[in-house]
1. I'd like the antiparallel share, as a percent to the nearest 5, of DSSP beta bridges with both residues in the chain.
2. Work from the charge dipole of the chain (Cβ charges, +1 for Lys and Arg, -1 for Asp and Glu, about the Cα centre) and give the residue of 240, 64, 49 farthest towards its positive end.
3. Starting from the Cα of residue 279, step 7 Å along the direction of its Cβ; do the same at residue 220; then give the gap between the two resulting points in nm.
4. What fraction of the DSSP beta bridges in region 20-204 is antiparallel, stated in percent and rounded to the nearest 5?
5. With r as the distance between the Cβ atoms of residue 334 and residue 40 and R0 = 51 Å, compute the FRET efficiency 1/(1 + (r/R0)^6) and round to 0.05.
6. What shape does region 228-270 have by the C-alpha gyration tensor, where a ≥ b ≥ c are the square roots of the eigenvalues, rounded means a/c under 1.5, and otherwise prolate means a/b greater than b/c and oblate the rest?
7. Taking θ = phi - 60°, what integer Hz values does the Karplus form 6.51 cos²θ - 1.76 cosθ + 1.60 yield along region 99-113, in sequence order, with x for Gly and Pro?
8. Above 25 angstrom, tally the Cα pairs of the chain and express them as a % of all pairs, no decimals.
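Nothing in this text is a laboratory measurement; each read-out follows from the coordinates by a stated rule. Only a predicted model underlies this, so the values are computations on that prediction, with no experimental measurement involved. Heads up, the Cβs are rebuilt from the backbone with ideal geometry, glycines too, and the neighbour counts pull from every protein chain shown.
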Amino acid sequence: MLDETLLDAPDALALADRRGLLRGAAEAGARVRTAARHAAEAGISELSPEGRPRTVLVAGPGTAAFGVADLVGALAGASAPVIRLQPTGVAPAAGALRWALPGWAGSVDLLLILTTDGSEPGLALLAEQAYRRGLTVVAIAPKASPLAETVSGPRGLLVPMATAPHESPEEYAESLAASPGDLWALFTPLLVLLDRVGLLEAPSETLEKVADRLDRTAERCGPAIATYSNPAKTLAAELADSLPLIWTEGEAAGPAGRRFAAVLAELAGLPALAAELPEALPAHGVLLAGDYAAGADPDDFFRDRVEEQQALRARVVLLRDRPVDVGTLTAAPAARELALSHGTAISEVEPEEGNELLETLAELLAVTDFAAVYLSLASTGIAPPPASP
């Protein structure tokens, strides 16, 4: 259950935030600026690419790497296929993930390796395999890591991962949990690289606007802002004890919705389902009428409910990448009608300003990251990790 009184108690939130999640979300704009500087220092802006890569392969563990692969695929569109490599297994001895290139991958393809750790032996082996096959390899990883040593030098390009402003690389390596800002530490250098090779447009001016948008959104969603005027706290309160059905509309909203579902599970322990409109309507429609429906109730009316955990009820989150203009063809009205016809509550999230794709995406990611963090901190029954020694 969610302790809503905690949402409007900034000091109590700070005490509960032993993993520094709120600070990580608030520092996303600073991570963009630091990561862009690291990319320039690594020489990405000086590359002279010989045409676009045939395929962009993305490998890396964790929610942040998964989210980056999804975002890159959505932004690149048809310019080049973006394929996220899935682990092929686990090494029995060390429990480390194993990775492998597709059989067709070769010198006209680009391999991107993303990791907030850099000590995974499987990723170093993947880089070695790529070198033997002639692929171009770019890695974003902590500077003082085994993967950095493997990729550095003439065989590949390493961009040191941007740590939070208050952390040294050594302190970051010992952190207890990945920060929401990690997404931007991995994503920003790739934007610089893909802009350079012509797969998308992300000049330095655009990245500065993205960082500014993240800063403004952090101000609106920060712990000192009351729930009634804080979109992230409001969303967190609405999603408590629910099964979120995240329905997205727009090219930026799709990956943002899937990222939101992933961080809800990782940070708040809340299962969520994401789907794009209009396909979401038939895909999730049965959930609105089944056991998760708003009016659903088990048959045993006389059982003791005092000690029983409250059942999850479906709640639709309508996530759009721009406000709906009058006369615009959209599936949003049909989504509202379907949800309300089953008595299902709806939360709606859309950007406050502008229609620039990357800026809009940044705002959606920031609001939903903050919401997941608030759910994690204010939900009872989620044990915090042990304090670091």
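1. Taking every DSSP beta bridge within the chain, about 10 percent pair in antiparallel fashion.
2. After comparing all options, I get 49.
3. 2.9 nm
4. Details: 2 of 18 bridges.
If we restrict to bridges inside region 20-204, about 10 percent are antiparallel.
5. Numbers: r = 46 Å, r/R0 = 0.90.
Result of the calculation: an efficiency of 0.65.
6. Taking the square roots of the gyration eigenvalues as a ≥ b ≥ c, region 228-270 is oblate.
7. Ordered by residue, 3J(HN,Hα) equals 10, 8, 7, x, x, 8, 5, x, 5, 8, 10, 10, 10, 10, 10 Hz.
8. On the way: 43331 of 75466 pairs.
Summing the P(r) tail past 25 Å for the chain gives 57 percent.
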